[in-house]
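Q: Pasting in a structure now, in structure tokens, and then I'll have a few things to ask.
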Amino acid sequence: MNLTLFVWRQKGPEDTGRLERYEAGDISTGMSFLEMLDVVNDKLIKNGEEPIAFDHDCREGICGTCSQVINGVPHGPEGKTTVCQLHMRNFSDGDTIYIEPLKSKAFPVISDLIVDRSALDRIIQAGGYISVHTGGVPDANTILVAKHDADTAMDAAECIGCGACVAACPNGSAMLFLAARVSHLAMLPQGRVEAKRRVRSMISAMSKEGFGNCSNHYECHAVCPKGIKLSFIAKLNREFIKAFGYVAEKDSAARPADVSIAD
Amino acid sequence: MILDGKCPSGPLSEKWDKRRSEMRLINPSNKRRYKIIVVGTGLAGASAAASLGELGYNVEAFCYQDSPRRAHSIAAQGGINAAKNYPNDGDGIYRLFYDTIKGGDFRSREANVYRLAQVSNNIIDQCVAQGVPFARDYAGYLDNRSFGGAQVSRTFYAKGQTGQQLLLGAYSALSRQINAGSVRLHTRTEMLDLVVIEGEARGITVRDMITGEIRSYAADAVCLCSGGYINVFCLSTNGMGSNVTAAYRAYKKGAFLANPCFTQIHPTCIPVSGDHQSKLTLMSESLRNDGRVWVPKKTGDNRSPREIPEEERDYYLERKYPGFGNLAPRDISSRAAKEVCDEGRGVGPGGRGVYLDFAGAIARIGESVIRQRYGNLFDMYERITGENAYRQPMRIYPAPHYAMGGLWVDYNLESNIRGLFVLGEANFSDHGANRLGASALMQGLGDGYFIIPYTIADYLAQRTPGTVTSEHPEFRRSRDERAVEIKRLFSINGRKSVNDFYRELGGVMWDYAGLPRSEESLKKALELIPRIRAEFWENVKIPGSGSELNQELEKAGRVADFLEFGELITLDALHRNESCGSHFRVEYQMPDGEARRDDENFCYVGAWQYMGADKMPELHKEPLDFENIQLSVRSYK
Amino acid sequence: MKSLIKNAAGRKIFMAVTGQLMVLFIIIHVIGNSTIYFGVLNSYADHLHAVPFLLWVFRLVMLTVFLIHVLFGILLTLDNCSARPGSYAVRAYRQSTFASRNMIWTGLLICLFLFYHLLHFTFQIIRPEVSAGVNSDAMGRPDVFNMLVMNFQHFSVTLIYILAIVALVLHLSHGIQSSFQTLGLNNERTLPVITKGGSIVAYVLFFGYIAIPVMIFIGILHG
Ligand SMILES: Cc1cc2nc3c(=O)[nH]c(=O)nc-3n(C[C@H](O)[C@H](O)[C@H](O)COP(=O)(O)OP(=O)(O)OC[C@H]3O[C@@H](n4cnc5c(N)ncnc54)[C@H](O)[C@@H]3O)c2cc1C
Ligand code: HEM
Ligand code: FES
């Protein structure tokens, strides 16, 4: 089939960027969306033009690297599918497709469809973990977790950190991303210990990074390739309310800082 | 040269303890004076960087993705082994050790594998403490399943996303150290060179993938955790960016590359659908628990599968390996599939596929149970192929999946270059000629959490920290060379894209150096690869410039290395005149078609040394001594 | 508490609490209004004003609640707008609603209307000639009933009220369910129930409020 593409081209963060038109000919329905772009790029390269830059790695829908907004929907029309797993049989001959980068203040564009999502990493770094050291932990089976809780934690933990939720949210909020992490760890006894600290530091990090807030539009869930549930946002809010009055302290045990040498 | 793996002496089960008690330690307040570079933030890299940072070292971590969480470890599906014996089915450290050695067709080091089995239990404890949501039973205990041909249930799993969950666990630990300032993270930064000064690894040269800047980092030791090289086949189950560059550049600086020809071809992948194919998708091996593999008995039978009557189907795995049937190990299943397809009995486009049929299982236990067990895999299959596997059998085909070979390391995970440690899939250490399912995750995390923290201390304790900076002439030379290389790539300005060459190389590797291999085919590959390489350097086209984000340039650098490395794989395969594990040479088979291993002549690790461009690399051998187990024919009949 | 007020997520909690308080208020308000059908509106209104002190305390509380809601609503919206620079060339919404995306506008409309409403019926500065303050009923109480009838006979007055009620209903059709989610009073099972329940309550309120002006305008309720 033949398609008309309007693709966002932007040299770097300073450039203003614009949509450019490309024709994609001879596209087969068995191709993935990214393979379709590969075909377009190959032609561009051979014509001496710069190919469209886009992020991708596993092409299996698990690494969360791929990120594009297709006809206004992050990851495209199929639902519960990453762009790399989206196949061209979802489109028809003659379609016009708009391809844009994820848009959010917290995700500056690096080049074309590639954006900088390190803000999500910084939210995790702010406290999205259990502060356990390597070694010295008890036998795994001494920590019992009800099957239901373990399964729910797993459902939350499926988040691939692609940032589609942020790009879909009219407020550019990362609530679903936080919700997934906070709920995953809060469901487990190991994670309860520092639940308050975690939610507080992650929420402040989210604001600091320039993400918006949740107005419960639920666009995030609609585009989430892993279908992370909205109830986790409620859980995040619950955890946040529980943490009222908690005074954050720094994790001084993370590294043996300057050990004073006793003489 | 005869290589020494430096394994401790003494009884197998005491070796690691013995080594640990002998190793030197570093005063806690001194640790921060030592800088350690960790290249790669997959399971091996993230766990190493986190553990080392936590101990107080000054760690610089690098990855080419935009986040550590995207390393290819994320894609592992099936699970991770451990010798916990929770199900009480007869497992234990020795059995896991034995199975791994046997699975690797007796081409790995006993001491390493035993240690791996020992630390496997600590890994599970560690991961649970980090919050990895492993599957549990109704009593709240951890659940296990049998995986990849094992006869005990020793695999821990988190839905079909075990690698993801383990990586997120290691990523959490890493994030905590980044927050604490003990690890500095450099994403979108690709290692292009190892800097060796006076025989010791002292740093790396990298390219900033956003600005194009070439920079160097000096350190007291370097850990390479850069993953496997199976993308030399172009189409594989690995991520698009997985590469050999980091390991190959170390090889060019003198590190030995061991057993490169041990490349695992996974039996259950979704077949190629056309020329546009950019990667292959693995379907979890667990599908073989309930699916039956077959092809039509007649060649060229293109009736739809449901119309082919039972007696005209060849359930070839059940026929050839009645003991294991559809659960026969990976190398055996893959070879059998390739064989029937080469006979012309393959199904689907180009005859490159065999059926994996669930009709029997659906009739026996019901569609809902199958949906519960494999629903997400069936969905994924449908998304990619547009076919409903509840109604018609899946089509599967073998695909390159894992690299057992890698940089040579001794028992301490140190390569022959002092101060260069290699962890995870990037080293050659534990899987011999074939890796068993669910053991790569175990190895990556074992290396990073529980081995490197000890062995690197022993190395560093003998050195004064910070004796060189990145202004040392050797670093400057390294940067200049990289800049020249990049300039050279742009100056070619030919007519073919990098992908054109990559596909050509992959085709040659698959056809002539894949599965099976013969002297003739390998020689053919040795003739073709240099030709492709020569054309690459004359006719490749890379648009844009080196001083910006340039994905074609990144790919070109990786493909250039694969074009040299492919030849090394072929040489290694050609020299190994035996069949073992994943390495199947048609000349060396039993009358019944099984692999004929040659323990007399090839019971060694083959480690190659770079001798210069266009020069024949030199082979060094590390003999494998089996003190504790008897070498036997690896039979799954 | 300080961090709650400064932090956006904390402010959102205030929005939800104040929003719910106001919802409670308007539910009571509509029930109070319905005394009109039983002919006891004037007596009800009279009772409300029985203890002026309590009335003023209540009014001050509501005013605070209201101001917090408006202030944080505006601040949050500004925050959210700045977090989303530019829109997509084509915009395809999948789950959000017209109501959810226009909370600030429906909110501000309600705000405007509220001034009007207070000046109109509470402080009776608009159209004082028909206000309850000047006209007493047969029992000497302020004639609220008459005030309503005289006002809603005018198309323009009725129209203003209808528009305001539409804005309110839109605001609440998203707001009610949203507040439960914000306060974490939700799980997978309750989410669809509360979402539906929230809009049902909103529509019930719609009919509850719209009934009086409409019935008066078309003459079902008359003096
Ligand atoms: C589809 C799939 C399924 C699998 N399933 C299983 C399973 O069920 N069980 C199991 O045990 N194993 C499984 N494996 C194997 C296992 O996942 C890998 O062997 C293992 O995760 C490798 O981990 P690693 O840390 O060594 O490397 P990786 O996770 O590949 O990480 C490599 C790291 O190195 C970095 N890097 C690479 N090159 C450079 C460079 N030049 N410069 C800078 N950084 C660089 C990358 O950015 C990355 O961070 C599977 C593999 C695949 C592909
Ligand atoms: C007068 C002006 C008002 C303004 C400017 C206003 C503004 C807003 C805004 C912007 C929001 C969305 C906040 C967000 O999700 O980020 C909101 C939510 C809400 N409003 Fe209002 N509002 C007003 C009046 C009212 C009134 C009168 C009521 C009730 C009768 C009300 C009830 C609610 C409720 C319940 C919510 C949901 C809170 C949540 O999502 O948690 N609002 N308001
Ligand atoms: S490329 Fe990994 S999720 Fe799409």
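Q: Past 32 Å, Cα to Cα: identify those pairs from A:LYS103/B:LYS35; A:LYS105/A:LYS147; B:LYS159/B:LYS279; B:LYS35/B:LYS159; A:LYS242/B:LYS31, in the order given. Mind dumping the intermediate values first?
A: Values: A:LYS103/B:LYS35 38 Å; A:LYS105/A:LYS147 39 Å; B:LYS159/B:LYS279 23 Å; B:LYS35/B:LYS159 38 Å; A:LYS242/B:LYS31 39 Å.
Result: A:LYS103/B:LYS35; A:LYS105/A:LYS147; B:LYS35/B:LYS159; A:LYS242/B:LYS31 exceed 32 Å.
Q: Testing the spin-label approximation: label points 7 Å from Cα along Cα→Cβ at B:PHE626 and A:GLU23. State their distance in nm.
A: Roughly 6.5 nm, to one decimal.
Q: Now for a separate question. Between B:ARG364 and B:GLU481, what is the spin-label point distance in nm, taking each point 7 Å from the Cα along the Cα→C-beta axis?
A: It works out to 5.8 nm between the two label points.
Q: From the protein chains alone at 1.4 Å, what is the descending order of accessible area for B:ILE210, A:ILE62, C:ILE31, largest first? Display every interim value, and only then the final one.
A: Working: B:ILE210 70, A:ILE62 15, C:ILE31 105 Å².
So, going from the largest accessible area down, we get C:ILE31, B:ILE210, A:ILE62.
Q: Continuing with the same structure: Compute from the Cα atoms of the range B:473-596 the Rg and the Dmax, the latter being the longest Cα-Cα distance, and quote both in angstrom.
A: 18.1, 60
Q: For A:GLU78, B:GLU54, give the ranking by accessible area with the largest first, probe 1.4 Å. Before the final figure, lay out the partial values.
A: Working: A:GLU78 75, B:GLU54 20 Å².
Ranked from most to least accessible, the order is A:GLU78, B:GLU54.
Q: How large is log10 I(q)/I(0) at q = 0.13, 0.16 Å⁻¹ when the Debye formula is applied to the Cα atoms of the range B:466-518, each weighted equally and without solvent?
A: For the range B:466-518 at q = 0.13, 0.16 Å⁻¹, log10 I(q)/I(0) is -0.63, -0.72.
Q: Another one. Where both partners of a DSSP beta bridge lie in the range A:3-111, what percent of those bridges are antiparallel, to the nearest 5?
A: On the way: 12 of 16 bridges.
The answer is about 75 percent antiparallel.
Q: Please calculate the 1.4 Å probe accessible area of C:MET215, with all protein chains present, and give it to the nearest 10 Å².
A: Rounded to the nearest 10, the figure is 40 Å².
Q: Which trypsin sites (Lys or Arg not before Pro) in the range B:376-478 pass both tests, a DSSP loop state and at most 15 other beta-carbon atoms within 10 Å?
A: Working: sites: B:ARG383, B:ARG391, B:ARG395, B:ARG418, B:ARG435, B:ARG463, B:ARG476, B:ARG477; in loops: B:ARG391, B:ARG435, B:ARG463.
Answer in residue order: B:ARG391, B:ARG463.
Q: So what is Rg over Rh here for the protein assembly as shown, counting just Cα atoms and using Kirkwood for Rh?
A: Values: Rg = 33.3 Å, Rh = 32.0 Å.
Value, to two decimals: 1.04.
Q: Could you check what % of the DSSP bridge pairs in chain B are antiparallel, to the nearest 5? Kindly include the intermediate steps, with their values, before the conclusion.
A: Working: 44 of 65 bridges.
Just about 70 percent of them are antiparallel.
Q: While we're looking at this one, here's another question. Place a label point 7 angstrom from the Cα of B:ARG33 along the Cα-to-Cβ direction, then list the residues of the range B:198-229 whose backbone nitrogen is under 14 Å away.
A: Answer for this model: B:220.
Q: Please figure out what share of the DSSP beta bridges in the protein assembly as shown is antiparallel and state it in percent, rounded to the nearest 5.
A: Working: 59 of 85 bridges.
So the antiparallel bridges in the protein assembly as shown amount to around 70 percent.
Q: Running a GNM on chain A with Cα contacts under 10 Å, which residue among A:HIS148, A:HIS87, A:HIS56 ends up with the highest mean-square fluctuation?
A: Among A:HIS148, A:HIS87, A:HIS56, the largest mean-square fluctuation in the Gaussian network model of chain A belongs to A:HIS148.
Q: With only Lys, Arg, Asp and Glu charged, each at its Cβ (+1 for the first two, -1 for the last two), find how big the charge dipole of the protein assembly as shown is about the Cα centre; round to the nearest 20 debye. Intermediate results must be reported in sequence, preceding the final value.
A: Working: 121 positive and 118 negative charges, 487 e Å.
With Lys and Arg at +1 and Asp and Glu at -1, about 2340 debye.
Q: Ok, one more. With each run of n ≥ 4 DSSP H residues scored as -39500 (n - 2.57), what mean residue ellipticity at 222 nm is computed for chain C after dividing by its residue count and rounding to the nearest 500 deg cm²/dmol?
A: -23500 deg cm²/dmol
Q: Kindly tabulate the residues in the range A:147-176 with an accessible-area decrease of at least 30 Å² between the chain alone and the assembly of all protein chains, using a probe of 1.4 Å.
A: A:LYS147, A:ALA150, A:MET154, A:ALA157, A:GLU158, A:PRO170, A:ASN171
Q: Got a number for the accessible area of A:MET154? Probe 1.4 Å, square angstrom, nearest 10.
A: Surface accessible to solvent at A:MET154 totals approximately 10 Å².
Q: Let me ask something else. Place a point 7 Å from the Cα of A:LYS80 along the Cα-to-Cβ direction; which residues of the range B:349-387 have their backbone N under 20 Å from it?
A: Under 20 Å, as judged by backbone N against the label point of A:LYS80, lie B:367-387 of the range B:349-387.
Q: Could you work out how far apart the two model spin labels at C:ILE27 and C:LEU159 are, taking each label as a point 7 Å from the Cα in the direction of the beta carbon, and quote it in nm?
A: Roughly 3.4 nm, to one decimal.
Q: Could you please state, rounded to a whole Å, how far the C-alpha centre of the range A:25-69 is from the C-alpha centre of the range B:214-282?
A: Taking the Cα centre of the range B:214-282 as reference, the centre of the range A:25-69 is 21 Å away.
Q: Can you give the accessible area per residue of chain B, in Å², using a 1.4 Å probe? If you can, show how the numbers build up before the last one.
A: On the way: 20560 Å² over 637 residues.
Per residue, chain B has an accessible area of 32 Å².
Q: Just to confirm my numbers, what's the Cα centroid distance between the range A:111-133 and the range C:69-114 in Å?
A: The distance from the Cα centre of the range A:111-133 to that of the range C:69-114 comes to 28 Å.
Q: So what's the gap between the Cα centers of the range B:1-58 and the range B:576-633, to the nearest angstrom?
A: Distance between centres, Cα-based: 29 Å.
Q: Put B:TYR411, B:TYR157 in order of accessible area, largest first, 1.4 Å probe: what do you get? Intermediate results must be reported in sequence, preceding the final value.
A: Values: B:TYR411 0, B:TYR157 35 Å².
Putting B:TYR411, B:TYR157 in descending order of accessible area: B:TYR157, B:TYR411.
Q: Let me ask something else about it. Under 13 Å from the Cβ of C:LEU75, count the other residues' Cβ atoms, weight Lys and Arg +1, Asp and Glu -1, and hand me the total. Working shown, then result.
A: Values: positive: C:LYS6, C:ARG11, C:LYS12; negative: C:ASP79.
Summing Lys/Arg as +1 and Asp/Glu as -1 gives +2.
Q: Once chain B is represented by equal point scatterers at the alpha-carbon sites, with solvent omitted, what log10 I(q)/I(0) does the Debye formula produce at q = 0.06 Å⁻¹?
A: For chain B, the Cα-only Debye profile gives -0.30.
Q: Further question: Report the gain in length on full extension from A:GLU14 to A:ASP95: 0.36 nm times residue separation, minus Cα-Cα distance, nm rounded to one decimal. Spell out each step's value before the answer.
A: Details: separation 81, 0.36 × 81 = 29.16 nm, distance 3.15 nm.
Full extension of this stretch gives 26.0 nm more.
Q: On to the next question. So what's the back-of-envelope 222 nm ellipticity for chain A, counting only DSSP H runs of four-plus at -39500 (n - 2.57) apiece and dividing by all residues, rounded to 500?
A: Details: 9 runs with 85 residues, N = 263.
Rounded to the nearest 500, it is -9500 deg cm²/dmol.
Q: Give, in whole angstrom and from largest to smallest, the semi-axes √(5λ) of the equivalent ellipsoid of chain C, with λ running over the eigenvalues of the Cα gyration tensor. Working shown, then result.
A: Details: eigenvalues 247, 79, 58 Å².
Semi-axes from the Cα gyration tensor: 35, 20, 17 Å.
Q: Could you work out the local net charge near B:CYS234, counting Lys and Arg as +1, Asp and Glu as -1, over the other residues with Cβ closer than 10 Å to its Cβ?
A: Details: positive: B:LYS279, B:ARG503; negative: B:GLU504.
Charge balance near B:CYS234 sits at +1.
Q: May I pose another question? Let me confirm the definition first: pairs of Lys residues in the range B:473-596, 8 or more apart or on different chains, C-alpha distance under 20 Å. How many are there? Spell out each step's value before the answer.
A: Numbers: B:LYS487/B:LYS496; B:LYS487/B:LYS541; B:LYS487/B:LYS555; B:LYS496/B:LYS541; B:LYS496/B:LYS555; B:LYS541/B:LYS555.
Within the range B:473-596, the lysine pair count is 6.
Q: While we're here: Please return the longest stretch of chain C lacking exposed loop sites, where trypsin sites (Lys or Arg not before Pro) count only if DSSP places them in a loop and at most 14 other Cβ atoms lie within 10 Å.
A: Working: sites that count: C:ARG91, C:ARG189.
Here the longest run is C:92-188.
Q: Calculated FRET efficiency, C:ASN102 and C:VAL134, Cβ-Cβ r, R0 51 Å, to nearest 0.05? It would help to have the intermediate numbers written out before the result.
A: Working: r = 39 Å, r/R0 = 0.76.
Once rounded, the FRET efficiency stands at 0.85.
Q: Just want the answer: with Cβ charges of +1 for Lys and Arg and -1 for Asp and Glu, which residue in B:THR100, B:PRO530, A:GLY163 is farthest toward the dipole's positive end in the protein assembly as shown?
A: About the Cα centre, the residue reaching furthest to the positive side is A:GLY163.
Q: Then there is this: Interface B/A, total buried accessible area with a 1.4 Å probe, nearest 100 Å²?
A: On the way: alone 23990 and 13970 Å², together 31080 Å².
Using a 1.4 Å probe on protein heavy atoms, the buried area is about 6900 Å².
Q: Hey, another quick one. Calculated from DSSP H runs of 4 or more alone, at -39500 (n - 2.57) each and per residue, what is the 222 nm mean residue ellipticity of chain B, nearest 500?
A: Numbers: 18 runs with 227 residues, N = 637.
Only helices count here, giving -11000 deg cm²/dmol.
Q: Still on this model: Write down the accessible area per residue of chain C in Å², having rolled a 1.4 Å probe over the full set of protein chains. Working shown, then result.
A: Values: 12060 Å² over 223 residues.
Accessible surface, normalised per residue, equals 54 Å².
Q: Assuming R0 = 30 Å, what is the FRET efficiency of B:GLU587 and B:LEU619, from their Cβ-Cβ distance, to the nearest 0.05? Don't skip to the answer; put the middle values down first.
A: Numbers: r = 20 Å, r/R0 = 0.65.
With R0 = 30 Å, the Cβ-Cβ based efficiency is 0.95.
Q: Test of understanding: what is the full-extension gain from B:TRP537 to B:ARG215, defined as 0.36 nm times their sequence separation minus their Cα-Cα distance? Before the final figure, lay out each step's value.
A: Details: separation 322, 0.36 × 322 = 115.92 nm, distance 2.48 nm.
Fully extending the segment from B:TRP537 to B:ARG215 adds 113.4 nm.
Q: Here's something else I'd like to know. Calculated FRET efficiency, B:GLN151 and B:GLN609, Cβ-Cβ r, R0 41 Å, to nearest 0.05?
A: On the way: r = 40 Å, r/R0 = 0.98.
After rounding, the FRET efficiency stands at 0.55.
Q: Projected onto the charge dipole of the protein assembly as shown (+1 at Lys/Arg Cβ, -1 at Asp/Glu Cβ, origin at the Cα centre), which of B:GLY348, A:SER104, B:VAL119 gives the Cα projection farthest towards the positive end?
A: Positive-most Cα among the choices belongs to A:SER104.
The values are calculated or read from the model by the stated rules, or taken from the named source; none is laboratory data. The structure presented is a predicted model; accordingly, all values stated were derived computationally and were not measured. Using ideal geometry, Cβ is built from the backbone for each residue, glycine included, and neighbour counts are taken over all protein chains shown. Accessible surface is based on the protein model in full, side chains and every heavy atom, while ligands, DNA and RNA are left aside. Shrake-Rupley method; radii C 1.70, N 1.55, O 1.52, S 1.80 Å.
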